[in-house]
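Chemist: Below you'll find the structure I mean.
The values are calculated or read from the model by the stated rules, or taken from the named source; none is laboratory data. Treat the numbers as computed from the prediction; the structure is a model and nothing was measured. No Cβ is skipped: glycine too gets one built from the backbone with ideal geometry, and neighbour counts run over all protein chains shown. SASA here: full protein model, heavy atoms, side chains in, ligands and nucleic acids out. Shrake-Rupley method; radii C 1.70, N 1.55, O 1.52, S 1.80 Å.
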Amino acid sequence: MRLGLVSDTHGVYDQALSTLLTNVHQILHAGDVGHEDVDAHDILTKLSAIAPTLAVRGNVDDGAPTDLFPQSRVLVLSGWKVLLLHICGMPPKTTTACQELITMHSPDVVVFGHSHKHGICQHNGVLYINPGSAGVNSHS
């Protein structure tokens, strides 16, 4: 299974995503989908036209429906348990809330956003991935 990982679009759908996410089987969006007057659902609709898309609530997604944007998701994809959330932090500086979810769910992979800085590391047998910001208002 080929995954597309996206975060922090902040209401901006960059057309490059259509090309970059070609041939993925599933898209995971790690939050901050919308922004102020841009409906997060519009961004999800565009991503879902490429591949089935799941998202979590970011700190700017307050008005989004909780059924589409839960605080976190635990998925099993091709035998890998994936924890998807918005705020976590790269180890060893993970947030208390993230660490509690990791302890509760024992994921193989944690996908998160918030910092707008892409990164990947392995810590205590868990792979941590932050895809960075996919919006044009990126901080990185």
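Chemist: Let me have the relative contact order for the range 10-90, percent, based on Cα pairs under 8 Å that are six or more residues apart.
Modeler: Result for the range 10-90 is 28 percent.
Chemist: Probe radius 1.4 Å, ligands and nucleic acids ignored: give me the carbon and sulfur share of the accessible area of the range 38-99 as a rounded percent.
Modeler: Answer for the range 38-99 is 58 percent, counting heavy atoms of protein chains only.
Chemist: Please give me the summed charge of the neighbours of Gly31: other residues whose Cβ is under 12 Å from its Cβ, Lys and Arg +1, Asp and Glu -1.
Modeler: It works out to a net charge of -2.
Chemist: Working only with C-alpha atoms, what are the Rg and Dmax values of the range 27-140, expressed in angstrom?
Modeler: Radius of gyration, then largest Cα-Cα span, for the range 27-140: 13.6, 40 Å.
Chemist: Counting heavy atoms of the protein chains only and a 1.4 Å probe, report the per residue accessible area for the range 8-79 as a whole number of Å².
Modeler: That works out to 50 Å² for each residue.
Chemist: Shifting gears a bit: Tell me the mean residue ellipticity at 222 nm calculated for the chain from its helices only (DSSP H runs of n ≥ 4, each -39500 (n - 2.57), averaged over every residue, nearest 500).
Modeler: -4500 deg cm²/dmol
Chemist: What number, in percent, do you get for the relative contact order of the chain if the mean sequence gap of Cα pairs under 8 Å and at least 6 apart is divided by its residue count?
Modeler: 24 percent
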